[in-house]
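Working notes, structure below.
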Amino acid sequence: MIARTLFQPEHEQFRGMVRSFAQKEIVPNLLRWDEAGGIDRKLWNRCGELGILCPAIPAEYGGAGADRLFSMIVLEELAPLGGLGISLALHSDIVAPYLLSFATEELKHRYLPAMAAGRTIGALAMSEPGGGSDLKAIRTTARRVAGGYRLNGSKIFISNGGECGLAVVVAKTDPDAAAKGISLFVVDAAMPGFEKGRRLGKIGLKAQDTAELFFNDVFVPDGHRLGEENQGFGYLMRELPWERLQLAIAAVASCEAALALTIGYTRERRAFSQPILDFQNTRFKLAELKSETQIAQVFVDRCMQLVLENALDPTSAAMAKYWCTDLQCKVVDECLQFHGGYGYMQEYAIARAFIDARAQRIYGGTNEIMKDIISRSL
Ligand SMILES: Cc1cc2nc3c(=O)[nH]c(=O)nc-3n(C[C@H](O)[C@H](O)[C@H](O)COP(=O)(O)OP(=O)(O)OC[C@H]3O[C@@H](n4cnc5c(N)ncnc54)[C@H](O)[C@@H]3O)c2cc1C
């Protein structure tokens, strides 16, 4: 196996802490949270206490001031557990960085320490009922009024939406100007007119909070706009390679987790007087999946190195997102097959891995959109 070279001893120590926390406080609750349709709210506070939230946010704003490898570790350890790592990454490594890069000092001091402690949960609201892939065509508007804006519209499929204390909302400030008419706003859940719809019933990721959000004439003060007016599209593009790589990281970790489960299961389970693992079909198929997972890991690690150097390009990030999430769906499907009928039973981790994986090819830009981006480099 090709040894991974990204991590230092302090990263491995952090990984050990996250893994043992997950084994003690997450794994025993997964089935219950799936049935309840959400995790316990206090888990966010617990993650805050342990320094698992906002690791890359500077200490002056309540974060750990660490490098993004710590974020990678949180994803690798927690994404295979009902997609929990993805909800946390969205909060810590997508929403919080928008505030860090573009919010006023006042806003940063108000929200970032609360986010790092898990007291306030962050969401990113882009997709709308009328369409998610074509961001330039969004219909939510922010109309200029004295001292701020009036926000009107609705968003759908918003992760962390039901519990969020704030949402970074993408809205049109110039409805006639496509990409050049988009701005970003920090909308506090307490602002009058901000309403949350019901939690959406999903086929997988059942414990993940995904909701509709409605904005009915919400007054958003000037100070809650991120950066300059009409520059929002550029701000969204700036961090996209890192955001997309996060999904690839989650995908490869989920492949590893599915393989480990399946190797263990097929070693124990017997048919025709021998372990399932000893059939040549099992060994060959698992050998193929292990090879592809290793290849994906090497590519993702190289992309991560580029993230650390601020040099990951959008095409390579799109390749990583599309290829690794496609691979994840293939791996979990093949691994489920080796579990036979048990693989179809809800309480088996491989069954959950199978249904949870499917969303990965849809959010963060669908895999078709990824191929469109890649094709522009042909
Ligand atoms: C579990 C989950 C969590 C999510 N979390 C969030 C979130 O936190 N915030 C947020 O803003 N959104 C979120 N989303 C929404 C997600 O980003 C969108 O669903 C996604 O971008 C696709 O948009 P859509 O559903 O409107 O599909 P559409 O844009 O209607 O696309 C439908 C189909 O057409 C294809 N298609 C569209 N355009 C093209 C094209 N140019 N070329 C080829 N094919 C094309 C798509 O690939 C897709 O297969 C989430 C979705 C899910 C399922």
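For Asp134 and Gln13, the FRET efficiency from 1/(1 + (r/R0)^6), where r spans their Cβ atoms and R0 equals 35 Å, is about 0.20.
Semi-axis lengths, largest first, of the ellipsoid equivalent to segment 242-378 are 31, 15, 12 Å, with √(5λ) applied to each eigenvalue of the Cα gyration tensor. Taking the centroid of alpha carbons for each part, segment 291-354 and segment 16-89 are 19 Å apart. The lysines within cross-link reach of Lys206, meaning a Cα-to-Cα straight distance under 19 Å and a gap of 8 or more places when in the same chain, are Lys42, Lys196. How would you classify segment 192-245 from its alpha-carbon gyration tensor, with a ≥ b ≥ c the square roots of the eigenvalues: rounded for a/c under 1.5, else prolate if a/b is greater than b/c, otherwise oblate? Oblate is the answer for segment 192-245, as a/c is 1.5 or above yet b/c matches or exceeds a/b. Spatial offset of segment 163-214 relative to segment 276-290 amounts to 45 Å, using the alpha carbon center of each.
Within the set of other residues whose C-beta is less than 12 Å from the C-beta of Glu163, count the net charge using Lys and Arg as +1 and Asp and Glu as -1.
+3
Value of Rg to Rh for segment 79-217, rounded to two decimals, is 0.96; Kirkwood radius and Rg both from alpha-carbon coordinates.
Listed peptides 315-324, 361-370 appear in the order 315-324, 361-370 once ranked by packing, highest mean of other Cβ atoms within 10 Å at the front. Among Gln13, Gln246, Gln328, the largest mean-square fluctuation in a Gaussian network model of the chain, built with springs joining Cα atoms closer than 10 Å, belongs to Gln13. Taking only alpha carbon atoms, segment 1-47 gives an Rg to Rh ratio of 1.14, where Rh is the Kirkwood radius.
Take the Cβ atoms of Glu49 and Gln274, set R0 to 45 Å, and the FRET efficiency comes out at 0.40. Here the dipole of the chain is about 600 debye; that uses its Cα centre as origin and unit charges on the Cβ of Lys and Arg (positive) and Asp and Glu (negative). Of Cys164, Gln337, Ala248, whose Cα points farthest to the positive end of the dipole of the chain (charges on the beta-carbon: +1 Lys, Arg; -1 Asp, Glu; origin at the Cα centre)? Towards the positive end, the residue furthest out is Gln337. Two numbers describe the Cα atoms of the chain: Rg and Dmax, which are 21.0, 79 Å.
Solvent-accessible area of segment 201-344 (1.4 angstrom probe, protein heavy atoms only): carbon and sulfur portion equals 54 percent.
For segment 1-130, a crude dipole built from +1 on the beta carbon of Lys and Arg and -1 on the beta carbon of Asp and Glu, taken about the Cα centre, is about 220 debye to the nearest 20. The lysines whose alpha-carbon is closer than 20 Å to the alpha-carbon of Lys136, local same-chain residues fewer than 8 away aside, are Lys155, Lys172, Lys180, Lys371.
Only Cα pairs under 8 Å and 6+ residues apart enter the sum, and on that basis the relative contact order of segment 1-68 stands at 14 percent. Given in Å, the Rg to one decimal and the Dmax to the nearest whole number for the Cα atoms of segment 191-307 are 22.9, 72.
Assign one of three labels to segment 63-129, namely rounded, prolate or oblate, based on the Cα gyration tensor with a ≥ b ≥ c the square roots of its eigenvalues; rounded applies when a/c is under 1.5, prolate when it is not and a/b is larger than b/c, and oblate otherwise.
The shape class here is oblate.
When shorter helices are ignored and each DSSP H run of at least 4 residues is given -39500 (n - 2.57), the per-residue value for the chain at 222 nm works out to -14500 deg cm²/dmol. Excluding same-chain neighbours fewer than eight residues apart, the lysines reachable from Lys330 by a Cα-Cα span under 16 Å are Lys285, Lys290, Lys321.
Run the dipole for segment 288-378 about the Cα centre, Lys and Arg Cβ at +1, Asp and Glu Cβ at -1, nothing else charged, and hand back the magnitude in debye, nearest 20.
Using only the charged Cβ atoms, the result is roughly 120 debye.
The values are calculated or read from the model by the stated rules, or taken from the named source; none is laboratory data. Given the structure is predicted, the values throughout are model-derived calculations rather than measurements. Cβ sites come from the backbone with ideal geometry, for glycine too, and all protein chains shown count toward neighbours. Remember, those area values only see protein heavy atoms, side chains included, never the ligands or the DNA or RNA. Shrake-Rupley method; radii C 1.70, N 1.55, O 1.52, S 1.80 Å.
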